[in-house]
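Enquirer: Sharing a structure below in structure tokens format, with a few things to ask.
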Amino acid sequence: MQTISPAPNSAPKHVNAVIESRPASTAAPHSSVVSVNGVAVSYPSAHGIFQALSNVSLDVARGEFISLIGPSGCGKTTLLRLIADLAQPTSGELRVNGGTPNQARTDRSYGYVFQSPALYPWRTAISNVMLPLEIIGLSPTERQQRAAGALAAVGLTEAAGRYPWQLSGGMQQRVSIARALSLQPDLLLMDEPFGALDEITRDKLNLHLTDLWRERNLTVIFVTHSIPEAVFLSTRVVAMSANPGRISRVIECPFPQRRTLDLRNTKQFLDVSQEVRDALSDAYADE
Amino acid sequence: MNNVMTFRHTVPGWLRQAASIAVILCIVLAIWSVAATLANPAPSDPEPGWLPANWWNDRPILPSPPQVAVATWNGLFGYPVSSPRSLIFHAGVTLEAALAGFALATIIGIALATAIVHSRLLDKGLLPWVIVSQSIPVLATAPMIVVVLGNAGFTGLLPKAVISASLAFFPVTIGMCKGLRAAGSAQIELLHTYNASGSQIFRKLRWPAAIPYLFPALKVAMALAITGAIVGELPTGAQAGLGARLLIASYNGLMLLMWATLVVASLTAGLSVGVLTLIERALPRFRASQ
């Protein structure tokens, strides 16, 4: 992937848009998986122009786990959608794997997990996981193999033949994670995937996710409302505030890669959590 | 309370449904019987029997329930199926046109809905016409369709099928417009993240998501297709079909034949819709996520 990036990609870059013609300082071939530079998003609303994001810059290195946290309206989901090419910035520049988000999307180089599992109710669990593999045109045997592997990775081999309505909320969200993993992306974008789950299920899935992240050397960008979840999973927590949506602080989580739930009882964990809480209370004070 | 609970829990659902249908049927029959007793003059030579004598009037104004039952039975089974007096024969003729019209309506309805869902222009420009088309009485359009198609050399089945389809395409179009838009935004965006093509989005998501909307629409369409085929037989001067039968009954004041024909028309519609219900149930897997 790194070998392709600088030279051959530069040709179509000029074709694309105004954004491309900016000085390529941050787009330089360093190891950022995602780089966001001075991005703003605004759109007209009933009360004039709404600033969803203003002057947001962020670099995400390979293997990082970044959590975006903040009050509603701070633009954390918008930022994730920009990276996924599901929304477009009003100004500023984004790079994903050294190219535009659009190139990353057409290369299918990320997996996206939505807030709702968004499973197709007429498909069984395994057939839901096979959906992206059908889209990219893999052979049936290869689909079957890869989907079975992805389901095994989230511990759902048993449930392969069940329909979504036969699965609990936590299992549904695991299927949707397996579906995102089935394309074997290096980058996982997750929009509050565990927001609707109870605490115990959430803990279990957090453990699952941190293991997947470590074992597969994934880069993850994760939107959440939960401070303990963010601190437990992340290498860095990005605290955001609203009106306009912006990054207020970035907090390091200097824990070892291998994480167990015990981590949450350590002094270091509580200190970092407090730091995030302080950053957020400033953000919420703005409201 | 306790009794209600045990009734609910021990009597299977189909039996409870059958019971409620039977209750409604009894009420209708009771009202009908009273009306028949009041409406009909007594026959000149009353036959002895335990039922009111004017229930067996030869030329009734309002035929009584048993009279209609006997006439329907005779119409269905009193003659060989190939006989022009057999209502099975006529129902077959009508059903043939209705099924052709139903097939046409399904294709047109799905095609229109697909076009409307994919184009804002058609959504704004075509849908109003589809709705307006249903405010024109089919009795007015039917002769026009017969004349136009007749001049083009089409007679018999096709004009009837077209008239039938002109009624039946409407619920399919509306149902599928709703169905093809039923997919959630996350379900659609998911496919965008895979860079899926428009046709993949249609095949993998919009179409399967629309199936639960398709069958209710098809059932309404089937009933309308049969109505349309019957109406289509009226201006065509058809010799056969339930519509032709109704016309003959109406010209000759044969109220019994008229009622029997209408009963057979309802039975035909009921059976056709029933077949669709069975097909829907045979499709194994669909259940909306709760």
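Enquirer: Sorting B:61, A:126, B:88 on the 10 Å Cβ count, fewest up front, what's the list? Could the numbers behind the result be given before it?
Expert: Numbers: B:61 14, A:126 23, B:88 18.
With the fewest neighbours first, B:61, A:126, B:88 line up as B:61, B:88, A:126.
Enquirer: DSSP loop chymotrypsin sites (Phe, Trp or Tyr not before Pro) in the range B:144-212 with at most 13 other Cβ atoms within 10 Å of their Cβ, which ones? Write down the numbers at each step before the final one.
Expert: Details: sites: B:154, B:169, B:194, B:202; in loops: B:154, B:194.
Answer by residue number: there is no such site.
Enquirer: For residue B:148 and residue B:62, FRET efficiency with R0 = 41 Å and r from the beta-carbon atoms, rounded to 0.05? Walk me through the intermediate numbers first.
Expert: Working: r = 39 Å, r/R0 = 0.95.
Taking R0 as 41 Å, the efficiency between residue B:62 and residue B:148 is 0.55.
Enquirer: Once you keep just the Cα pairs under 8 angstrom separated by 6 or more residues, what percentage relative contact order results for chain A? Walk me through the intermediate numbers first.
Expert: Working: 539 pairs, mean separation 65.5, N = 287.
Computed over chain A, the figure is 23 percent.
Enquirer: Expressed as a rounded percentage, what relative contact order does the range B:94-238 have, with Cα pairs under 8 Å and six or more residues apart? Could you put the intermediate results ahead of the total?
Expert: Numbers: 192 pairs, mean separation 59.2, N = 145.
Once divided by the residue count of the range B:94-238, the mean separation gives 41 percent.
Enquirer: When chain B is treated as a GNM, springs tying every alpha-carbon pair under 10 Å, which of B:22, B:140, B:165 comes out with the largest mean-square fluctuation?
Expert: Ranking B:22, B:140, B:165 by mean-square fluctuation puts B:22 first.
Enquirer: From the C-alpha coordinates alone, can you work out the Kirkwood hydrodynamic radius of chain A, in Å? Provide the component values of the computation, followed by the final result.
Expert: On the way: mean 1/r = 0.0506 Å⁻¹.
Roughly 19.8 Å, rounded to one decimal.
Enquirer: Reachable aspartates and glutamates from residue A:204, Cα under 12 Å, same-chain residues fewer than 8 places away excluded?
Expert: A:229
Enquirer: Among the lysines, select those whose C-alpha is under 29 Å from the C-alpha of residue B:160, and discard any that sit fewer than 8 residues away in the same chain.
Expert: Result set, ordered by chain and number: B:178, B:219.
Enquirer: Trypsin sites (Lys or Arg not before Pro), restricted to the range B:83-162: which are DSSP loop and have at most 13 other Cβ atoms within 10 Å?
Expert: Details: sites: B:85, B:120, B:124, B:160; in loops: B:85.
Here the trypsin sites (Lys or Arg not before Pro) that fit, given the DSSP loop and packing criteria, are B:85.
Enquirer: Calculate the radius of gyration of the Cα atoms of the protein assembly as shown to one decimal place, then report Dmax, the largest Cα-Cα distance, as a whole number, both in Å.
Expert: Looking at the protein assembly as shown, its Cα Rg and Dmax stand at 33.8, 109 Å.
Enquirer: Another question about this same structure. If I build a Gaussian network model for chain A, linking alpha-carbon pairs within less than 10 angstrom, which residue out of A:193, A:185, A:101 has the largest mean-square fluctuation?
Expert: Of A:193, A:185, A:101, the most mobile in the Gaussian network model is A:185.
Enquirer: What angle do you read, to the nearest 10 degrees and between 0 and 90, between the alpha-carbon axis of helix B:255-282 and the longest principal axis of chain B?
Expert: With both axes taken from Cα atoms, the answer is about 30 degrees.
Enquirer: For the range A:64-152, what does the relative contact order come out to in percent, with C-alpha contacts under 8 Å and a separation of six or more? Walk me through the numbers on the way to the answer.
Expert: Working: 43 pairs, mean separation 14.0, N = 89.
16 percent.
Enquirer: Angle check, please: helix B:87-118 long axis (alpha carbons) against the longest principal axis of chain B (alpha carbons), in degrees 0 to 90, nearest 10.
Expert: Value to nearest ten degrees: 20.
Enquirer: How tilted is helix B:65-77 with respect to the longest principal axis of chain B? Cα atoms for both, answer in degrees (0 to 90, nearest 10).
Expert: That helix lies at roughly 70 degrees to the long axis.
Enquirer: Step through the residues of the range A:232-242 one at a time and calculate ³J(HN,Hα) from phi using the Karplus curve (6.51 cos²θ - 1.76 cosθ + 1.60, θ = phi - 60°), rounding each to whole Hz and writing x for Gly and Pro.
Expert: 3J(HN,Hα) across the range A:232-242, in whole Hz: 5, 8, 8, 8, 9, 10, 9, 8, 10, 9, 9.
Enquirer: Scale the Cα Rg of the range A:51-137 by the rule-of-thumb value 2.2 N^0.38 Å and send over the ratio, two decimals.
Expert: On the way: Rg = 15.2 Å, N = 87, 2.2 N^0.38 = 12.0 Å.
Taking the Cα Rg and dividing by 2.2 N^0.38 Å, one obtains 1.26.
Enquirer: Same structure again: Could you estimate the translational diffusion coefficient of the range B:94-238 from the Stokes-Einstein equation, with Rh from the Kirkwood formula over C-alpha pairs, at 4 °C and 1.567 mPa s, in whole µm²/s?
Expert: Working: Rh = 16.1 Å.
In µm²/s, the coefficient rounds to 80.
Enquirer: Compute for chain B: radius of gyration divided by Kirkwood radius, i.e. Rg/Rh, restricted to C-alpha atoms, rounded to two decimals. Please list the in-between numbers first.
Expert: Numbers: Rg = 23.9 Å, Rh = 22.3 Å.
Over the Cα atoms of chain B, Rg/Rh equals 1.07.
Taken together, the values in this text are just the output of simple stated rules run on the coordinates, not laboratory data. Values in this document were obtained by computation on a predicted structure and should not be read as measured data. All Cβ positions, glycine included, derive from the backbone under ideal geometry; neighbour counts span all protein chains shown.
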